[in-house]
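Quick note: the coordinates plus some simple rules give every number you see, no bench work behind them. Not measured: the values here are computed from a predicted model. Backbone-built Cβ (ideal geometry, glycine too); neighbour counts: all protein chains shown.
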Amino acid sequence: MSVTYNIGDIVQTRKKHPCGSDLWTVIRTGADFKIKCNNCGRIVMLDREKFLKRVKKLVQSEKQL
Ligand SMILES: [Zn+2]
């Protein structure tokens, strides 16, 4: 089972951003993912594999089931 990520989801990463936050908002999905730091607003682009390795958990899903 794999988690599906959607734009607007809040994710927690294994490593903290240098600014001290580990919460990010997903702003692009697909072959490449873009995430935006919830604290400093920095945007990072990662390929899908790296994104999945970096994310520890899905904190809040945009699509509530
Ligand atoms: Zn940051």
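A few remarks follow.
- Segment 8-32, subset near the ligand (Cβ under 9 Å from one of its atoms) and over 10 Å from the mean Cα position of the chain (by Cα), residue surrounded by the most Cβ atoms within 10 Å (Cβ to Cβ): His17
- Residue within segment 33-45 that is more than 15 Å from the ligand (Cβ to nearest atom) and in contact with an Asp or Glu (Cβ under 6 Å, 6 or more places away or on another chain) present: no
- Restricting segment 46-63 to residues that are surrounded by fewer than 13 Cβ atoms within 10 Å (Cβ to Cβ) and closer than 18 Å to Ser21 by Cα, the residue that is nearest to the ligand (Cβ to nearest atom) is Lys56.
- Looking across segment 1-28, the residues that are part of a loop (DSSP other than H, G, I, E, B) and hydrophobic (A, V, I, L, M, F, W, C) come down to Met1, Val3, Ile7, Cys19.
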